[in-house]
1. Just tell me which lysines come within less than 27 Å, Cα to Cα, of residue 177; anything on the same chain fewer than 8 places away is out.
2. What percent does the relative contact order of the stretch 97-152 come to when contacts are Cα pairs within less than 8 Å and at least six residues apart?
3. Counting helices only, and only those DSSP H runs with n ≥ 4, report the 222 nm mean residue ellipticity of the chain as the sum of -39,500 (n - 2.57) divided by its residues, in deg cm²/dmol to the nearest 500.
4. Name the lysines eligible as straight-distance cross-link partners of residue 56: C-alpha to C-alpha under 17 Å, and not fewer than 8 places from it in the same chain.
5. Give the long-range amide H neighbours of residue 128: residues separated by 5 or more places, or on another chain, with amide H under 5 Å away, using H modelled in the peptide plane at 1.01 Å from N.
6. Using a Gaussian network for the chain with springs between C-alpha atoms less than 10 Å apart, which of these wobbles most: 79, 185, 271?
7. Write down the Å³ per residue value for the convex hull defined by the alpha carbon atoms of the chain.
8. If you place +1 on the Cβ of every Lys and Arg, -1 on the Cβ of every Asp and Glu, and leave all else neutral, what size is the dipole of the stretch 141-299 about its Cα centre, to the nearest 20 Debye?
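Laboratory data are not the source of any read-out in this text; all were calculated from the coordinates shown. The structure displayed is predicted, hence computed values, not measured ones. Glycine gets a Cβ as well: all are built from the backbone with ideal geometry, and neighbour counts include every protein chain shown.
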Amino acid sequence: ARLKEGLTKTRQGITARVDQVLKSYKKVDEELLEEIEEILITADVGVNTTMEIIGKLRNQAKERKITEVENLRGLLKEILADTLDLNKSHELNIQPLPAIILVVGVNGVGKTTSIGKIAHRMRSQGKKVLLAAGDTFRAAAIDQLEIWGNRVGVDVIKHQEGSDPAAVVFDAIQAAKARKIDVLICDTAGRLHNKTNLMNELGKVRKVVEREYGEASKEILLVLDATTGQNAIQQAKIFKEAVDVSGIVLTKLDGTAKGGVVLGISSELDIPVKLIGVGEGMNDLQEFKPNDFVNALFG
Ligand code: GDP
């Protein structure tokens, strides 16, 4: 129910409009498919992904001899669920413990908030969590992370503004070992002024992780803001070149009718969406499950 509520705007943007169109047609025909195509494109699914979805809808409707409009809804739902499921695990890779999660993404996407929410989730599962303030470029980023640390009851390892992010991560790893931490979550710098810079900074952090904490389970989560629509996909392509992104956290799904971007991300990037943000509170982060998502959208 929480997910359905969080997807209210996307439900208005996709489901309500699809239902309206379906109501106004008597038979499944090319014109109807075109109308659905337009709805998906407007909801930021992306042109390529939309074309693929419509192609499948056309072929499978023909194959299964679906001519009644009311049966098309179920078929569309099935195809969307397939598009979201990459046959890769959507679960966080944090087993066996200890684990380290590097969180990357540009400023403003909801990186700090997501780190706080993940920390809260892990703590509720009884895990010992530590945060590392690896975004040393902005004093505000360090402060914000501390606020979240206090809120969810988790310590934050930090250095001064302007210090070396790799040094912060180094210290955090030593602290994690000494305190027998289960999950260490590291913030990283969110400046994206050029790719070389990003690669250098994240590369250095990665080296420290490999050298100091090679035995830990690893996850590199890229945080993307759903309200930026197709832009999020462009950002993901840049990060993907710089670092081995293992999962995506898609934030602010509650604030946008562009929730269709999750379809574009899933089909274009070959990186599983693992978590979705549906609000600003510490409980507003959910595991991404393709079927649940589609059911919340069409239920
Ligand atoms: P950062 O610069 O990437 O660390 O971004 P922040 O974590 O500071 O978040 C930027 C803004 O987005 C804040 O006002 C957050 O409350 C808000 N935000 C983050 N995630 C979500 C979400 O899932 N839903 C909504 N509605 N707001 C969010």
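1. Partners within reach: 111, 117, 127, 128, 158, 204, 207, 218, 274.
2. Numbers: 28 pairs, mean separation 18.2, N = 56.
This gives 33 percent for the stretch 97-152.
3. Details: 12 runs with 150 residues, N = 299.
Calculated mean residue ellipticity at 222 nm is -15500 deg cm²/dmol.
4. Once the sequence-local lysines are set aside, what remains near residue 56 is 65, 77.
5. Here the answer is 182, 183, since their amide H atoms fall under 5 Å of that of residue 128.
6. The residue with the greatest mean-square fluctuation here is 79.
7. Normalising the Cα hull of the chain by residue number yields 118 Å³.
8. 260 debye
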